[in-house]
Each structure stands twice: as C-alpha cells, then as structure tokens.
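What follows is a single structure, written as structure tokens, with notes after it.
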Amino acid sequence: MHAMRPGYPPPPMRPPGSYKIASRNRAFEAFLGAEARSERRTRKLLDSLRTQILEGSEGLRIRRVFTTPREVFRLELELPELGYQRTTLLDRDALDELLTADDVRAVVRRRLRLG
C-alpha cells in the first residue's frame, strides 16, 4: 500500500529465482528417461484432445496425411468460443489410443457423419 501513495518509491523487483515453481513434477522431468518424457507428453496431449472433443467443439476433421514411412493423421478441431482452430498431427498409435474411450469414439463418429 505504501507504494501507491505519492512520495514513496515503487516496490523493488523480485530477485531472480524467487518465483514459485508452477509444477514440481515438471521440475524433475529432466531425471526421467527420454522415453518416459515422451510418453508423458503424449498422454497429456491426448488428454487435452479428449477433453476438447467431449466438451463439444463444433468442427472436427480427421484426415490421413502420410502413409509412408509411417501413417500420420491430421486432427482439426474448431473452437469458436476460443476463437481458434486446433490442428494436431498424430500417428496411428496415438489416434487409436485417443479413440479407445467409447464416449470419444461415439462423438467422433457422429461428427464425422454430420460433417
């Protein structure tokens, strides 16, 4: 409050390193192996996609982009309430894992039939 009154200097800046750590789990990721970090990143990405699909994004398109040397799919979600379109590239394994949940598979089938 003292800094708001005239005649007082502004509060000092925080010294480097005095900020709160957003996620302690993430701070220890460097100690994990590359494969474990990759699996965790993939799981977080698929959870995020699953949530956005179930919350009711309007436009949903899945297209195969490449077949060789490995199958790659482009998943597009239109999110008008946020004002953007999310585009994600997934391989066959990740797409299959995304569609393992029955509720996600039902939403995807319904939207692809309508679109």
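Nothing in this text is a laboratory measurement; each read-out follows from the coordinates by a stated rule. From a predicted model like this one, the values you see are computed outputs, not experimental measurements. For neighbour counting, all protein chains shown are included, and Cβ atoms are generated from backbone atoms with ideal geometry for every residue, glycine included.
So how strong a dipole does region 31-114 carry about its Cα centre when Lys and Arg Cβ are +1 and Asp and Glu Cβ are -1, to the nearest 20 debye?
Dipole size: approximately 220 debye.
For a quick protection proxy, order the peptides 102-112, 58-68, 44-54 by their average other-Cβ count within 10 Å, most packed first. Could you put the intermediate results ahead of the total?
Working: 102-112: 13.3, 58-68: 11.6, 44-54: 14.9.
Going by the mean number of other Cβ atoms within 10 Å, highest first, we get 44-54, 102-112, 58-68.
Write out the GluC sites (Glu not before Pro) in region 63-106 meeting two conditions: DSSP loop, and at most 16 other Cβ atoms within 10 Å of their Cβ.
Glu71, Glu81
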